[in-house]
Amino acid sequence: MARIDMPGGPLAELARGPSAYRWLRTAGTGFARVFSLVALAVAWELAARSGAFTPFMLPALSAVLERIWSDLVAGDLVLNTGVTLYRAFTGFLIGAVAGIALGMGISRNRFTHWFFDPIISVGFPMPKIAFLPVVMLWLGVYDISKITMIAVEAVFPVVTATIIGIRGVERELLWSARNMGATERELLWQIALPAALPQIITGLQVALPIALIVAIVTEMFMGGYGLGGAMNTASRFADSRGVFAGIVEIAVIGYALVKGVMLVRRRLLLWHQEALAPSTV
C-alpha cells in the first residue's frame, strides 16, 4: 500500500531540498561576488569613524550616501547623470560607427589601409586627452567640444578591434564563399563582419568605459552640468562629501554600463560558443 506523507513530513522536506539547495547556492554565489565591495564599504566606514582621518579628508560612507540621497531628492543627481550619459553615449556612438566603418575600410581597401594605418598606429598609444586645450580653443567649452573628445578617444579601440576581427576570419570561409560566387561586398557583410562580431563587440566594451571617463574629465576641465562638473564645483567649495559622492556615483554608473554591455553581448552572440561560458561581470 502506498504511503501518503503528511505536509511537513520527511518526504515533503526531501522534495523541497533541491530547490532550497539551489537557492542557497545562488545566494552564496551572489554574496561571494560582492563580498570584496561589502568589505571595502565596511572598512571605509570604520576608518572614517576611527578618528584617524578628519571628516574633510575621509567622510563616512553613511554621510556620503546621505548626500547622494539628498542630491537625488533635489533632482541634481538625475540632471547631472543625464547630461553626462548623453555626452558619453553620443560620443561613443559616433566613435563606434566611425571606428567600425574605418576598420572595415582598412581591412578591405589597400588605399584606405595605406593612408589611415600609420595614423592609427601613432594615435592609438597616444593620450588623446592632450588635445583637450586645442579642442577648447577651436570649439569652446560646450557640448560639441566634449562630445568631440569622447568620440576621438572611443574610435581607436573600435578601429583596432574591427581590423583584428576581420583579418582573423578563417580563410577557408572566404575561399568557400568566393568559390560559390560571392562578391567582395557579400564577403564583407555576410561572412567577414558576422565572424568578426565577437572581436568588434570587445572593442565596443573597451570604448564605452573610456567614453564615460573622458566625459567626466572634460566636464571637470570645462565645468558646467554633469557629474564631473558637480565634483569640480564641490572641490572648489571644499565640499568633501560632494566629491566622494561623485566618486561613488561614477563607480555605480560605470558598473551598470559594463554589466549592461555584457548582457547585450551575450544576447547578440547566442550563436557563439562564448555564450555558454559563465559571466564574470
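Checked against the criteria, residue 77 does not count as modelled with pLDDT of 90 or more, surrounded by fewer than 20 Cβ atoms within 10 Å (Cβ to Cβ) and farther than 13 Å from residue 156 by Cα. Highlighted here are the helices (runs of 4 or more DSSP H) found entirely within the stretch 108-225 that include at least 2 residues which are at pLDDT 90 or above, closer than 25 Å to residue 78 by Cα and of a type in the set (Ser, Thr, Tyr): 143-167. Take the conditions (1) modelled with pLDDT of 90 or more; (2) outside the structural domain of residue 74 (by TED's automatic domain parsing); residue 246 misses just one of them, which is (2). Restricting to the stretch 84-97, give me the number of residues that are surrounded by 16 or more Cβ atoms within 10 Å (Cβ to Cβ), out of contact with any Leu (no Cβ under 8 Å at 6 or more places or on another chain) and either of a type in the set (Val, Ile, Thr) or under 13 Å from residue 203 (Cβ atoms) (or both). Selection size over the stretch 84-97: 3. The single residue among 53, 89, 31, 35 that is modelled with pLDDT of 90 or more and either aromatic (Phe, Trp, Tyr) or not in a helix (DSSP H, G or I) (or both) turns out to be 89. Annotation note: of 99, 105, the sole residue that is small (Gly, Ala, Ser), part of a helix (DSSP H, G or I) and in contact with a Pro (Cβ under 9 Å, 6 or more places away or on another chain) is 99. Applying the selection to the stretch 233-247, what residues are without any contact (Cβ under 8 Å) to a residue 24 or more places away in the chain and not in a helix (DSSP H, G or I)? Scanning the stretch 233-247 gives 237, 239. The single condition among (1) surrounded by fewer than 16 Cβ atoms within 10 Å (Cβ to Cβ); (2) under 26 Å from the mean Cα position of the chain (by Cα) that residue 100 does not meet is (1).
The set of residues in the stretch 43-58 being closer than 14 Å to residue 241 by Cα, of a type in the set (A, V, I, L, M) and loosely packed, with under 13 Cβ neighbours inside 10 Å consists of 57 alone.
The values are calculated or read from the model by the stated rules, or taken from the named source; none is laboratory data. Every value quoted in this text rests on a predicted model; they were computed, and no experiment measured them. Methodologically, a virtual Cβ is constructed for each residue, glycine included, from the backbone with ideal geometry; neighbour enumeration extends over all protein chains shown.
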